[in-house]
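Here the structure is laid out as structure tokens; the discussion comes afterwards.
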Amino acid sequence: MNNFLAKTLASINALIAIVILAFFTLSGATAASAQGGSGMFVIGVIFGAIAGIVVAALVCGTVAFLTLIERHLSVIAAAARQSQGQ
């Protein structure tokens, strides 16, 4: 069951990154537009996207790194089980 959950999380990790990026981009655009009118919209989009990329890289990069570690550990465990069987 844990293996299934780890594979599922790895599969939806990119979708989570896209959602984070879209949320930060729209939040930045909305906040900047509310502060300075429509001219600030583009600046809000840019700063929101930059913040979204940073947050998505930290969150989803950590998840991807932990998934990679889990895969390597499962390969090591399978090799250890195979060598004990011989």
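The values are calculated or read from the model by the stated rules, or taken from the named source; none is laboratory data. Since the structure is predicted, the reported quantities are computational estimates derived from the model, not experimental observations. Here the Cβ positions follow ideal geometry from the backbone for every residue, glycine too, while neighbour counts run over all protein chains shown.
Observations
- The residue pairs whose first member lies in segment 53-73 and is closer than 15 Å to ALA6 by Cα, whose second member is among the β-branched types (Val, Ile, Thr), and whose beta carbons are closer than 7 Å, counting only pairs six or more residues apart or on different chains, are CYS60/ILE16.
- Residue match in segment 34-53 (condition: modelled with pLDDT under 90 and in contact with an Asp or Glu (Cβ under 8 Å, 6 or more places away or on another chain)): no
- Residue that is nearest to ALA51 (Cα to Cα) [pool: residues in segment 1-11 that are of a type in the set (A, V, I, L, M) and surrounded by fewer than 12 Cβ atoms within 10 Å (Cβ to Cβ)]: LEU5
- Out of ALA57, ALA77, ALA64, one residue alone is over 28 Å from LEU26 (Cβ atoms) and not polar (S, T, N, Q). It is ALA77.
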